[in-house]
Amino acid sequence: MGLLCVVTNCGEGMDYQSIGKNLNGLCQTGAWGCFDDVVSTQVKSIQQALSLHVKQFFFEHNEIQLLSTVGIFVTMNPGYAGRTELPESVKTLFRPVVVVVPDMQYIGEIKLFANGFIHAKILAKKMVTLYRYASELLSKQYHYDWGLRSFKSVLSMTGYLKRTSMKEDSEEIVLLRALRDMNIPKFIYDDVNLFLTLLNDLFPNIHCEWTDSVVSMLYRMINRPTIRNERR
């Protein structure tokens, strides 16, 4: 079963009493809490109680229950103006984790290699290049996604097409088909030609038909009322 996770932004309007109430509730319910830019030393007393495996402890002059499932996480942005470093006494109680931008090209290489692509490095580089130029040149729409989620969806489709396509289809054709079929349907009209131009630049002299499943599905959806009326 999942655990409740409460995210708290510790701004200037919060004092130690407000943070203490949040920590008090987490301890007694066993929930998780993620605090943004907190420097409260109140966390130290909770961590010490957890290390002693006690069921009750004194917190803010009151004895409260402590459930062992409680978890406290802290996010820090010390490089921003007005932000401070986490005190050393508190920092030693946490395991540091650095969040960085994912290496999409490396992820693409691994996924493509896993799906049997021989030229995975070259193809992954083309995918990253396409996504970078598309995010810069295409219009800004709310439903456009050029992040890792969309990137991995295309990789999953590429693996499926690799397993089901004709043996004579090259790896570039398989990737081109996945990139086109997964992205074209979400574009507004003005962006379609620009995206196809980017594909032609990255995959020159390569032509492939739309996948049968896409064409047949579109045909059924468009002609469904007509077919129903004809049966009547």
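Below are the figures for this structure:
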read-out: Those residues of the range 92-122 which are charged (D, E, K, R), over 21 Å from the mean Cα position of the chain (by Cα) and under 20 Å from residue 202 (Cα atoms), in sequence order; value: 121
read-out: Only one of 155, 161, 123, 93 that is surrounded by 14 or more Cβ atoms within 10 Å (Cβ to Cβ) and either part of a loop (DSSP other than H, G, I, E, B) or in contact with a Cys (Cβ under 6 Å, 6 or more places away or on another chain) (or both); value: 93
read-out: Filtered residues of the range 63-78 (kept if of a type in the set (Gly, Ala, Ser) and either assigned to a loop (DSSP other than H, G, I, E, B) or not assigned by TED's automatic domain parsing to the domain that holds residue 53 (or both)); value: 68
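The values are calculated or read from the model by the stated rules, or taken from the named source; none is laboratory data. Just so it is clear, the model here is predicted, and its values are computed rather than measured. For neighbour counting, all protein chains shown are included, and Cβ atoms are generated from backbone atoms with ideal geometry for every residue, glycine included.
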